[in-house]
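Below: one structure, written as structure tokens.
The values are calculated or read from the model by the stated rules, or taken from the named source; none is laboratory data. Everything quoted here is computed from the prediction, not taken from an experiment. Neighbour counts run over all protein chains shown; Cβ positions are idealised from the backbone, glycine included.
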Amino acid sequence: MNKAFMGVRLRRLREERGMTQAALARTLGISPSYLNQIEQNQRPLTVPVLLKLNGAFGLDVQLFSDADEARLITDLRAALADQGAPAATAELRELAANMPGIARTIVAMQARLRDTAERADLLAGRIEAPGGAPAPFESVRDWFYDRRNHVAELETPAEAIGGALPPGHMVPELIDRLAGRHGIRIALDGTSLRRFEAGARILHLAPHLNEGQQAFQIATQLAFLEQGETITRLAGDPNLAPDAQALLRIGLANYFAGALVLPYAAFLREAEATAYDIDLIARRFGVGFETTCHRLSTLQRPEARGVPFFFIRVDRAGNISKRQSATDFHFSRIGGTCPLWNVYEAFSRPGEITRQIAQMPDGRSYLWIARVVSHGQGGFGAPVKTFAVALGCDLTHADRLVYARGLELKSPDLATRIGPGCKVCERLACPQRAFPMVGRLLAADPAEARFAPYSAGAG
């Protein structure tokens, strides 16, 4: 933790459990006066006390990590910018650190207001929104984001199956499981990647799928068959609209499939042994670059964490089609992403992994890698989908990655200055800025021309 004054969170934790300061102090083996000083932010929350909290309550210590604070600051900045009321970083940090419940309420209120505005726009244009709730994809992304892209309820049963099978060669055993337990046979004659014919008990798969892709599709079907109750319970989140719940069911089945084909313990061991070399890991498990990157962003089991990654997939136009985060990177919710980010440079260097040390406006620095991937059935004239896939982590974890070799990790002044998107980015003199920051007054001076396209005044 960069900051260990977390008194409000500790006090809220104590109150949620109905404990007095004296009772919690006895549990932690510290004096009531010391606990009171921690809760008043007069003393730091130290690692030994954190470990005692974990032992007493089984807490995830990331509850007291400033990574949560950074995530919340990002969401607050975007929510206030939506209202044309930007706040200084110091004010946002104070609110997120000392009143996180109120901060989350502000973010949630703005999300509801944004959804209401989108629905009104649809109605004004006489376009029906199915189910009356917009942005199901965004709702599902937020659901995974709130859980740091880790779903423990599906990890355990998936690993119980996949951990007993040979990595990269699971298809025969998975076919046997489908047949023996569910009376389902495989037919390689599908026009869709996967289509289950329930009446005939046939799972149709596209014939062009390789072994790893076949395993993933079979595992997805097993998720619906064997984890249907868990998936239904998780997807039944009352905060989600019906279409978002339906989409989440698919997302959870895909999550289970990834966890089966790439079982947690074996995958984490391979990642650590290869210094997170994506190509070597992918070869070991018989999957592609994108699948490997996506799985790396889920390794947040409390007792065995991998590097906390953020994962993104974007097209040439800047449309983000996948966005998962095990930590706190500042994904923009309004406007586009930053053109200085190396995820876009990857399109001009196909087949090559690009690297970048990037620094956000709050001073946090990250290591990013990106590469172009393509999806298609092959053959002349067949459609092909092309994306840039990127994986990033906080610079504090970068020395664990093979991709950090030869880079100046201890010279943050050499980092590329990027931002969360022009409309919410605080950098005042960025020459690549496409839009002024929302809510910031423009300093328009007809007598002067500058290299940077927009200058900001006070306010």
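The table that follows gives values for the structure above.
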quantity	calculated
Qualifying residue in region 250-266 (condition: free of Cβ contacts under 8 Å to residues at least 24 places away in the same chain and in the same structural domain as residue 158 (by TED's automatic domain parsing))	yes
Residue 128, sole failed condition from (1) over 23 Å from the mean Cα position of the chain (by Cα); (2) modelled with pLDDT of 95 or more	(2)
Filtered residues of region 433-444 (kept if of a type in the set (D, E, K, R) and modelled with pLDDT of 70 or more)	433
So residue 401, is it surrounded by fewer than 20 Cβ atoms within 10 Å (Cβ to Cβ), in contact with a strand residue (DSSP E or B) (Cβ under 7 Å, 6 or more places away or on another chain) and either assigned by TED's automatic domain parsing to the domain that holds residue 271 or not β-branched (Val, Ile, Thr) (or both)	no
Residue satisfying all of: in region 332-381; modelled with pLDDT under 80 and charged (D, E, K, R); farthest from residue 291 (Cα to Cα) among these	362
Subset of region 180-204 that is part of a loop (DSSP other than H, G, I, E, B) and among the charged types (D, E, K, R) - its residue that is farthest from residue 250 (Cα to Cα)	189
Positions within region 179-212 being surrounded by 13 or more Cβ atoms within 10 Å (Cβ to Cβ) and in contact (Cβ under 8 Å) with a residue 24 or more places away in the chain, in sequence order	182, 184, 186, 193, 194, 196, 203, 206, 208, 211, 212
Residue 41 at pLDDT below 75, surrounded by 13 or more Cβ atoms within 10 Å (Cβ to Cβ) and not assigned by TED's automatic domain parsing to the domain that holds residue 145	no
Residue in region 147-159 that is assigned to a helix (DSSP H, G or I), hydroxyl-bearing (Ser, Thr, Tyr) and touching a residue at least 60 places away in the same chain (Cβ under 8 Å) present	no
Qualifying residue in region 165-174 (condition: in a loop (DSSP other than H, G, I, E, B) and touching a Phe, Trp or Tyr at 6+ places or on another chain (Cβ under 6 Å))	yes
Condition broken by residue 292, with the remaining ones in (1) under 26 Å from residue 365 (Cβ atoms); (2) in contact (Cβ under 8 Å) with a residue 60 or more places away in the chain; (3) of a type in the set (S, T, N, Q) satisfied	(2)
Looking only at region 79-89, and only at residues there that are part of a helix (DSSP H, G or I) and at pLDDT below 75, the one that is farthest from residue 142 (Cα to Cα)	89
Residue check, residue 266 within 19 Å of the chain's Cα centre (by Cα) and either modelled with pLDDT of 95 or more or outside any helix (DSSP H, G or I) (or both)	no
Given (1) under 20 Å from residue 254 (Cα atoms); (2) touching a strand residue (DSSP E or B) at 6+ places or on another chain (Cβ under 7 Å); (3) at pLDDT below 95, number of the condition residue 168 does not satisfy	(2)
Complete set of residues in region 373-397 that are over 13 Å from residue 278 (Cα atoms) and surrounded by 21 or more Cβ atoms within 10 Å (Cβ to Cβ)	387, 388, 393
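This table checks each residue for (1) in contact with a helix residue (DSSP H, G or I) (Cβ under 9 Å, 6 or more places away or on another chain); (2) surrounded by fewer than 22 Cβ atoms within 10 Å (Cβ to Cβ); (3) within 25 Å of residue 206 (Cβ to Cβ); (4) not polar (S, T, N, Q).
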site	(1), (2), (3), (4)
260	yes, no, yes, yes
271	yes, no, no, yes
277	yes, yes, no, yes
294	yes, no, yes, yes
